[in-house]
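One structure, as structure tokens, below. Some questions next.
The values are calculated or read from the model by the stated rules, or taken from the named source; none is laboratory data. Keep in mind the model is a prediction, meaning the values are calculated, not measured. Ideal geometry is used to build each Cβ from the backbone, glycine not excepted, and the neighbour counts take in all protein chains shown. When the accessible area is computed, the model is the full protein with side chains, heavy atoms only, and any ligands, DNA or RNA have been set aside. Shrake-Rupley method; radii C 1.70, N 1.55, O 1.52, S 1.80 Å.
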Amino acid sequence: DRLHHIELSWLMSPARRAEISRTYTRLGVKATFLQQAQGTWLDKLKAVLRNYRPSGKNSAALARALILGQLEFQVRMYRQSFMPLADAPLALLDSDNHFPRAGTVALQSLGIRVAALQDRFLTPFFNTFVPLFDDLMVHGNVVKRHIERNPDASVGRIQITGDPRVSKLAANKEAAQEERKARFPAFQKVCIVFDFHSSTDPFHNATAYG
């Protein structure tokens, strides 16, 4: 009862929601689909006005207010959507890049600690990568040092846990080598290309690294 799987229902189709629900029911884990809070144009306007600071260059001040107002509006909407989670002590994100940053800030504003797992190796090296987590688990020292030098990053603790895919690959290494010898005995090198999603079941696709 202490572990809940949370999905943002407005980011997926009804068929996907039903499939995820069946999967986690089978695993004995409660799945909760949060509903999106509905804001109005008046809410957006109020957010812009709260962030408007007149200056000598009013066009720049307005542009700044529009950007900050939109960010504030997004955080407020996520915060309302996350209110059913207000008593949760910890949110575990399975991707450091796919979860909305406004959603991360909203969780933290509710007093929920946010921990994330590095998903793809290259993502932390992109200029658009802005981690805002309390805890971030990364693949190794190179990534850790790069994030520590990122002026836009705000991470309380960075812990090196390695790539979660490695153990699955290692477990299947011997079988893969035997299969290679059987299928391609005449070749010194074999290149295997995997599609992005190789399984029709989202849950098993997430664990089918090998």
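Taking R0 as 45 Å, what FRET efficiency do you get between Tyr52 and Phe126 from their Cβ-Cβ distance, rounded to the nearest 0.05?
Here the calculated transfer efficiency is 0.90.
When the chain is fully extended, how far beyond the present Cα-Cα distance does Asp87 get from Glu7, taking 0.36 nm per residue of separation?
Fully extending the segment from Asp87 to Glu7 adds 27.1 nm.
What do you get for the angle between helix 173-183 and the principal long axis of the chain? Use alpha-carbon atoms, 0 to 90 degrees, nearest ten.
The answer is roughly 60 degrees.
Measure nothing fancy, just the Cα-based angle from helix 41-50's long axis to the longest principal axis of the chain, in degrees from 0 to 90, nearest 10.
70 degrees
To the nearest 0.05, how large is the calculated FRET efficiency for His146 and Ala171 if R₀ is 30 Å and r is the Cβ-Cβ distance?
0.55
Continuing with this model, one more query. Please work out how much length the chain gains when fully extended from Thr25 to Ala186, using 0.36 nm per residue of separation minus the C-alpha to C-alpha distance, in nm with one decimal.
Taking Thr25 through Ala186 to full extension adds about 53.3 nm, to one decimal.
Using a probe of 1.4 angstrom, how much of the accessible area of the chain is carbon and sulfur, in percent?
That fraction is 56 percent.
Convex hull volume of the Cα atoms in the range 13-162, per residue, in Å³?
Spelled out: Cα convex hull of the range 13-162, divided by residues, is 155 Å³.
Taking a temperature of 4 °C and a viscosity of 1.567 mPa s, what whole-number D in µm²/s does Stokes-Einstein yield for the range 74-138 with Rh from Kirkwood over alpha carbon pairs?
107 µm²/s
Another one. If the chain between Ala15 and Leu71 were fully stretched, how many nm would it gain, using 0.36 nm times the residue separation less the Cα-Cα distance?
Length gained between Ala15 and Leu71: 17.1 nm.
Tilt of helix 14-27 relative to the longest C-alpha principal axis of the chain, in degrees (0 to 90, nearest 10)?
60 degrees
In Å², and per residue, what accessible area does the chain have when probed at 1.4 Å with the other protein chains present?
Ligands and nucleic acids excluded, the result is 69 Å² per residue.
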